[in-house]
Amino acid sequence: QVQLVESGGGLVQPGGSLRLSCAASGNRISIDAMGWYRQAPGKERELVAILRGGNTNYADPVKGRFTISSDNAKNTVYLQMNSLKPEDTAVYFCRAITIYDKSYWGQGTQVTVSS
């Protein structure tokens with residue numbers, strides 16, 4: 001079992017920045033990849049960024065603006081979001097994928113980009 005807790009969401013003006021955090025606990029040694037996803041109202045959940053073995057991959061809408069990183073000592077994955085746009089408004093979820101191909105999700109954190 002892996003438990004994930006996100007934090008760092010909130011309200012920000014267009015062009016602003018936020019940093020999301022995802023703290024992992026439990027059977028962390030089994031984690032193969034960590035990712036951030038988002039779900040806007042009326043839309044399906046979509047991949048934002050994923051980190052696996054030091055390699056990163058980003059969805060096209062966030063390339064050059066968002067950065068995923070990890071602090072292994074703190075068992076935490078971050079999503080630095082810069083130059084935020086209203087269309088980035090969504091609930092952001094952290095996901096852990098284990099070596100057994102099992103997924104765990106956090107509870108989500110709301111990000112609202114509005115003036």
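The values are calculated or read from the model by the stated rules, or taken from the named source; none is laboratory data. Because the structure is predicted, anything quoted here is derived from the model rather than measured. Methodologically, a virtual Cβ is constructed for each residue, glycine included, from the backbone with ideal geometry; neighbour enumeration extends over all protein chains shown. Ligands, DNA and RNA are stripped out before the accessible areas are found, and what is left, the full protein with its side chains, is counted by its heavy atoms. Shrake-Rupley method; radii C 1.70, N 1.55, O 1.52, S 1.80 Å.
Note down all Cβ pairs under 9 Å where the first residue falls in the stretch 24-53 and is on the phi > 0 side of the Ramachandran plot, the second is in a strand (DSSP E or B) and open to solvent by 60 Å² or more (accessible area, probe 1.4 Å), and they're at least six residues apart or on different chains.
Going by the 9 Å Cβ cut-off, the qualifying pairs are 26/3; 53/32.
Could you list, in sequence order, the residues of the stretch 70-100 that are touching a strand residue (DSSP E or B) at 6+ places or on another chain (Cβ under 9 Å), without any contact (Cβ under 8 Å) to a residue 60 or more places away in the chain and exposed (fewer than 14 other Cβ atoms within 10 Å of the Cβ)?
Matches in the stretch 70-100: 71, 74, 87.
In the stretch 76-107, what residues are in contact with a Ser or Thr (Cβ under 7 Å, 6 or more places away or on another chain), in a loop (DSSP other than H, G, I, E, B) and under 21 Å from residue 31 (Cα atoms)?
Once the filter is applied, which keeps residues that are in contact with a Ser or Thr (Cβ under 7 Å, 6 or more places away or on another chain), in a loop (DSSP other than H, G, I, E, B) and under 21 Å from residue 31 (Cα atoms), the stretch 76-107 yields 99, 100.
Does residue 112 meet the test of being under 14 Å from the mean Cα position of the chain (by Cα) and either modelled with pLDDT of 95 or more or buried (at least 19 other Cβ atoms within 10 Å of the Cβ) (or both)?
no
Among residues belonging to the stretch 27-41 that are open to solvent by less than 90 Å² (accessible area, probe 1.4 Å) and part of a loop (DSSP other than H, G, I, E, B), point out the one that is nearest to residue 3 (Cα to Cα).
Of everything passing the filter in the stretch 27-41, 27 is nearest to residue 3 (Cα to Cα).
Quick check, is residue 51 within 22 Å of residue 1 (Cβ to Cβ) and either part of a strand (DSSP E or B) or modelled with pLDDT under 95 (or both)?
So residue 51 passes the test.
Check the stretch 45-64 and report whether any residue there is of a type in the set (Gly, Ala, Ser), farther than 13 Å from residue 112 by Cα, surrounded by 16 or more Cβ atoms within 10 Å (Cβ to Cβ) and out of contact with any helix residue (DSSP H, G or I) (no Cβ under 8 Å at 6 or more places or on another chain).
No, because not a single residue in the stretch 45-64 is of a type in the set (Gly, Ala, Ser), farther than 13 Å from residue 112 by Cα, surrounded by 16 or more Cβ atoms within 10 Å (Cβ to Cβ) and out of contact with any helix residue (DSSP H, G or I) (no Cβ under 8 Å at 6 or more places or on another chain).
Starting from residues that are under 13 Å from the mean Cα position of the chain (by Cα) and open to solvent by 30 Å² or more (accessible area, probe 1.4 Å), keep the ones in the stretch 1-17 and report whichever is nearest to residue 92 (Cα to Cα).
9
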